[in-house]
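Heads up, the thing below is written out as structure tokens.
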Amino acid sequence: MDTDEAQSRIREPFRWKRGLLFAALVIVPVAIQQWPWEFVPLRWQYPREIRRGQRIVRTIDRFKTAKGRLPSMQELGSALPIDDWPCSTCYEPRGASYSLVVGAGWDYLIWYDPQTREFRRDP
């Protein structure tokens, strides 16, 4: 066996391992974070926000059943525990319907659609 042939056999696995290590440490975490997770249900993606939104919706429904109208922002705030208070721009009654935002980030919005009674993510 020639020494040049032995050195080339030793170097190839190291290049392959180095590339695999780079992919595992850099490419895979970025791909996982940036990958579109639309196939995962919203309640799994944002469990805390959805549970909080469900509590707010139940409170709104109870108030509407009892009083025959939607609560104002102040009435909703006093009916909810402090941890569930929606922000002043997150709840807006509009006649017989309302808009409710339960979570937001710099690039997304999670809102409740009272017509379909589902939580949605936008965009």
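Brief remarks follow.
- Residue 48-residue 89 FRET efficiency (beta carbon distance; Förster radius 30 Å; 0.05 resolution): 0.95
- Each Cα pair under 8 Å and six or more residues apart adds its separation to the average, and for segment 42-122 the resulting relative contact order is 22 percent.
- Segment 42-122: C-alpha gyration tensor shape, a/c 1.5 cut-off, then a/b vs b/c: prolate
- Least to most buried among 52, 69, 117 (fewest other Cβ within 10 Å first): 117, 69, 52
- Restricting segment 46-123 to chymotrypsin sites (Phe, Trp or Tyr not before Pro) that sit in a DSSP loop and have at most 11 other Cβ atoms within 10 Å of their own Cβ leaves 106.
- Loop-resident GluC sites (Glu not before Pro) (DSSP state other than H, G, I, E or B) in segment 44-123 with no more than 12 further Cβ atoms inside 10 Å of their Cβ are absent.
Rule-based calculations on the coordinates, nothing more; no lab input. Model, not experiment: these values are computed from the prediction. Every residue, glycine as well, gets a Cβ built from its backbone with ideal geometry; the counts of neighbours run over all protein chains shown.
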